[in-house]
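Laboratory data are not the source of any read-out in this text; all were calculated from the coordinates shown. These numbers come from a predicted model, not from an experiment. Quick reminder, even Gly has a Cβ in these numbers, built from the backbone with ideal geometry, and neighbours come from all protein chains shown.
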Amino acid sequence: MTLSEVRPGSVVMVRKVGGEGPTMRRIMDMGITKGCAVTIRKVAPLGDPIEVTVRGYELTLRKSDASNIVVDAE
Amino acid sequence: MAHTIALAGNPNSGKTSLFNELTGSTQYVGNWPGVTVEKKEGHLKHDKRYLIVDLPGIYSLSPYTLEEVVTRDYLLDGRPDLIIDVVDSTNLERNLYLTTQLIETGIPVVIALNMMDITEKRGDVIDVLALSHSLGCPVVPTSAVTRDGLKELVRVALQMIEKAQSVAKTATFSKPVEYALGKIGAFLEGSVPPETLRWYAIKLFERDGKVLARLNLGETRLQEIETIILQVESETDDASEGLVTNDRYEYLSAITMRTHRQAKKKGNLSASDRIDRVVTNRWLALPLFFLLMWGIYYIAIQSVGDLFIGWIEWLFVDLIGANVALGLSMIGTSPWLTGLVVDGIIAGVGSVLTFVPQMMILFFFLSLMEDCGYMARVAFIMDRIFRKFGLSGKSFIPMLIGTGCSVPAIMASRTIENQRDRRMTVMLTPFIPCGAKLPVFALLVGAFFPNSAWIASSMYLVGIIAVILSGIVLKKTKAFAGDPAPFVMELPAYHMPRMKGVFIHMWERGKQFIKKAGTIIAVASAAIWILQSTSWSFQLVETQQSILASLGRLIAPLFVPLGFGTWEVAVATITGLLAKETIVATFGIVLGLGNVAEGDPNLLASIGTFFTPVSAYAFMVFTLFAAPCAAAIGATRREMQSARWTWAAILFQTGIAYAAALLVYQIGSLIF
């Protein structure tokens, strides 16, 4: 399952951050790393991007980038 | 001896407020060499020996964003004496992520544990001593808002500069990574300063292209390093860059676990969450956003701003202009010099400065939106639409402001972080019909389409279509191509904006523009006045015999395919460069009617000699797209930070104008 498929309100555990280059690095720099918990908060009014809580703060990312993040349901 | 203190930290960490508090009013705003990233410097309040450099707000020292690269280069080449790292205590773990990287540069670090007032209010407890012990550098709890801890911060910082040595502990990574770093470090010994050894080792392990290029290690060394990296990667089944990031956060988790105790959540949502439930609500978000935008637009452009415009016009024309004219004639100045000073320079600068109040009000609201955290939500709400045209979610704001005036609109693009998105926005914003173009439309609609009010409104549609099509096309060109910038953005918690910061922000932006009006625009106004009022032998003449008229005759043939190839119209396009509303006045002058307004019946009757309905519409389209006024070009130059990009924008806009007007006239002539 990837982060883009998770329903708002659920909490997941990050298994792997895929993708490459700037986007992958940026996602990890912002604290989405292997083994950390991510709460999916909501989807933007027009269906994209999504808002998540990670390491105690709110982060937004596009679904296309979220689909590179493999997660497990917690 | 002078010392330099660099102020580093995440965006939204309160770094700017802290900078304002530490430097007082001694700030100097410039740009980092060669890039559009803002550089702020200022002396420490009451002690001129210490220069404080405000680094861009960043999350990491990766090689991928302009701001991060600027910061890295400055830290490695500029070697400031000390880094004050501003850490948002309400968001400890992610903020310390940058801290660990700053420590690796080998420069002494003092941590300002900022926003402590909010942390305390939440009931969270941070063991400052234990944190300081874990990181090996002084930690001073501060609050830039209440000014708590600032004196102590300065005291500790100056003490650290005396010591002139970093004692901080660098992050420890997992065994395989440490093994590789040890090996790579051994290769580097002697070729980099010892205090930066670990920094370079980590960057090489991450395969950081920028650092590789800088070190020039030689083929064999690189091969050996690559072998080590590959070995670790196959052992751990992870990319080296990801390994370092993962380990860094693991290291920090362990530290924050020991030092940070969060209060039990009281079950109900925080204030910020409650605001967000409404503001980014599925159904309410867009209506609220448009309502807010309309409100700001109404206040800045329509009501209050408009009031000020009248006032400034009065100030420059009736007060300064008239009195200077009187004064000059009293001391016996020749009429041409009076004309140059009063009608040329004062009127020209005045017409540009009329936009200052609108701009200041807009900047006030923009700063407010940025400061309280709403701007990030704007990007969140609008991203979906705008990224389709290669623009950013935040491009909506410049475009909206552009309906009032392109100058503040172009300057509002500052809030767009990504350079490519920003350039594109600056280039396309003038396509939205601004207030100064409306009199031109009104004149031509009044003369040729008196019963079709929709013709004027159609200009907005044409402008929006042009923005969308240009965005889609430009995105495919080399300059704007490439991977889309990652849109991974923090949504900072809402907080009450600080008026002082908002006003400083507003004034900084406005000041730049006023300076420009006083210099370049004054010269341009004088030049156009001279061209319009003198002949080649520098005799004062009517516009018809002026240099400008002969230039008009020279370029008029260019406009024949567009349907308006007379010298009078050509002259109007040139004076339109100064300010678009001047086009109407120019028509009045060349028709011998004097300085008349767009509703003048004589003007409406005589303008028919220049246009047919089709060519009038073509001219409206041309005016809509062609290179904006001098003030907007000046703003473009400022935001692009590059003469090449400015010229590219002007040529692009004028090219589109020509092509669109050509299409309108040629196709229109076939149909009607």
Solvent-free Debye scattering, log10 I(q)/I(0), computed from the Cα coordinates of segment B:367-450 at q = 0.12, 0.20 Å⁻¹: -0.41, -0.85
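How compact is chain B by the rule of thumb for globular proteins, expressed as Cα Rg over 2.2 N^0.38 Å? Walk me through the numbers before you get to the answer.
Working: Rg = 29.4 Å, N = 672, 2.2 N^0.38 = 26.1 Å.
Taking the Cα Rg and dividing by 2.2 N^0.38 Å, one obtains 1.13.
Using the eigenvalues of the Cα gyration tensor, what equivalent ellipsoid semi-axes result for segment B:1-98 when each is taken as the square root of five times the eigenvalue, whole Å, largest first?
Details: eigenvalues 83, 56, 30 Å².
They are 20, 17, 12 Å, listed from largest to smallest.
With a 10 Å radius around each residue's Cβ, average the other Cβ atoms per peptide and rank B:131-144, B:617-630, highest first. Spell out each step's value before the answer.
Working: B:131-144: 21.5, B:617-630: 25.2.
Those peptides, ordered most packed to least, come out B:617-630, B:131-144.
Shape call for segment B:584-672 from the C-alpha gyration tensor, a ≥ b ≥ c root eigenvalues: rounded (a/c under 1.5), prolate (a/b greater than b/c) or oblate? Walk me through the numbers before you get to the answer.
On the way: a/c = 4.00, a/b = 1.43, b/c = 2.79.
Judged from the Cα gyration tensor, segment B:584-672 comes out oblate (a/c at least 1.5, b/c at or above a/b).
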Amide H neighbours of A:Arg15 at under 5 Å, excluding residues fewer than 5 places away on the same chain, with H built from the backbone geometry, are A:Gly35, A:Val70, A:Val71, A:Asp72
Mean-position separation - Cα centroids, segment B:131-155 and segment B:290-316, in angstrom: 43 Å
Whole-number D in µm² s⁻¹ for segment B:3-163, Kirkwood Cα-pair radius fed into Stokes-Einstein, 37 °C, 0.692 mPa s: 210 µm²/s
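I'd like the mean, over residues of B:383-391, of how many other protein chain beta carbons sit within 10 Å of each residue's own Cβ. Mind dumping the intermediate values first?
Values: counts 6, 8, 1, 0, 3, 0, 0, 0, 0.
The shielding value for this peptide is 2.
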Long-range amide H partners of B:Val37 with built H, under 5 Å: B:Trp32
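Rounded to the nearest 500, what is chain B's calculated 222 nm mean residue ellipticity when only DSSP H runs of at least 4 contribute -39500 (n - 2.57) each, over all residues? Let's see the in-between values first.
Working: 33 runs with 387 residues, N = 672.
That calculation yields -18000 deg cm²/dmol at 222 nm.
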Could you work out how much longer the chain between B:Ser452 and B:Glu224 gets when fully extended? Use 0.36 nm per residue separation minus the Cα distance between them, nm to one decimal. 74.5 nm
Roughly how many Å is it from the Cα centre of segment B:355-398 to that of segment B:405-459, as a whole number? 17 Å
Give me the extension gain from B:Ala597 to B:Leu540: residue separation times 0.36 nm, minus the current Cα-Cα distance, reported in nm with one decimal. 18.1 nm
Can you list, bin by bin at 5 Å, the percent of alpha carbon pairs in segment B:175-239, starting at 0? 3, 19, 32, 28, 13, 5, 1
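Over chain B, what is the relative contact order in whole percent, taking alpha-carbon pairs under 8 Å and six or more residues apart? Working shown, then result.
Details: 982 pairs, mean separation 65.7, N = 672.
Dividing the mean separation by the residue count of chain B yields 10 percent.
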Taking only the alpha carbons of segment B:504-619, the radius of gyration and the largest Cα-Cα distance, Dmax, both in angstrom, are 16.5, 52
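Taking 8 Å as the Cα distance limit and 6 or more residues as the minimum spacing, I'd like the relative contact order of segment B:100-175 as a percentage. All intermediate terms of the calculation are to be shown ahead of the outcome.
Working: 88 pairs, mean separation 31.0, N = 76.
Contact order relative to length: 41 percent.
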C-alpha long axis of helix B:240-259 to longest principal axis of chain B, angle in °: 70 degrees
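Inside 10 Å of the C-beta atoms of A:39-49, what's the mean count of C-beta atoms belonging to other chains? Intermediate results must be reported in sequence, preceding the final value.
Numbers: counts 0, 0, 5, 7, 2, 12, 13, 9, 2, 5, 10.
Taking all residues of A:39-49 together, the mean is 6.
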Long-range amide H contacts for A:Glu58: which residues qualify at under 5 Å (H placed 1.01 Å from N, peptide plane, sequence gap of 5 or more or a different chain)? B:Leu491
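For the protein assembly as shown, what proportion of DSSP beta bridges, expressed in % and rounded to the nearest 5, is antiparallel? Walk me through the numbers before you get to the answer.
Numbers: 35 of 55 bridges.
Antiparallel: roughly 65 percent of the beta bridges in the protein assembly as shown.
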Going residue by residue through segment A:33-48, the Karplus relation 6.51 cos²θ - 1.76 cosθ + 1.60 with θ = phi - 60° gives ³J(HN,Hα) values, rounded to whole Hz and with x marking Gly or Pro, of 10, 3, x, 8, 8, 10, 9, 8, 8, 6, 10, 4, x, 9, x, 7
For helix B:92-104, what angle does its Cα long axis make with the longest principal axis of chain B, in degrees from 0 to 90 and rounded to 10? 80 degrees
Expected output is a single nm value to one decimal: the length gained when fully extending between B:Ala130 and B:Lys210, i.e. 0.36 nm times separation in residues minus the C-alpha distance. What is it? 25.2 nm
Residue mean of other protein chain beta carbons inside 10 Å, A:52-65: 6
Tell me, what is the FRET efficiency for B:Arg274 and B:Phe503 to the nearest 0.05, using R0 = 25 angstrom and their Cβ-Cβ distance as r? 0.35
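I need the fraction of alpha carbon pairs in the protein assembly as shown separated by more than 35 Å, rounded to a whole percent.
Values: 145324 of 277885 pairs.
Taking all Cα-Cα pairs of the protein assembly as shown, the fraction more than 35 Å apart is 52 percent.
With contacts defined as alpha carbon pairs under 8 Å and 6 or more residues apart, what's the relative contact order of segment B:175-239 in percent?
36 percent
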The ³J(HN,Hα) series, computed from each phi in segment B:38-44 with the Karplus coefficients 6.51, -1.76 and 1.60 at θ = phi - 60°, rounded to the nearest Hz and given as x for glycine or proline, is 5, 10, 10, 10, x, 8, 4
Per principal axis, largest first, the Cα atoms of chain A extend in Å by 29, 25, 23
Under the classification rounded if a/c is under 1.5, otherwise prolate if a/b is larger than b/c and oblate if not, where does segment B:276-418 fall, given a ≥ b ≥ c as square roots of the Cα gyration tensor eigenvalues? prolate
With label points set 7 Å from each Cα along the Cα-to-Cβ direction at B:Ser253 and B:Glu178, the distance between them in nm comes to 1.8 nm
Cα-projected label distance for B:Arg147 with B:Thr612, points at 7 Å along beta-carbon direction, nm: 7.3 nm
Computed over the Cα atoms of segment B:240-325, the Rg and Dmax in Å are 27.0, 75
Relative to the first principal axis of the alpha-carbon coordinates of chain B, what is the inclination of helix B:355-372, with its axis defined by its Cα atoms, in degrees from 0 to 90 and to the nearest 10? 30 degrees
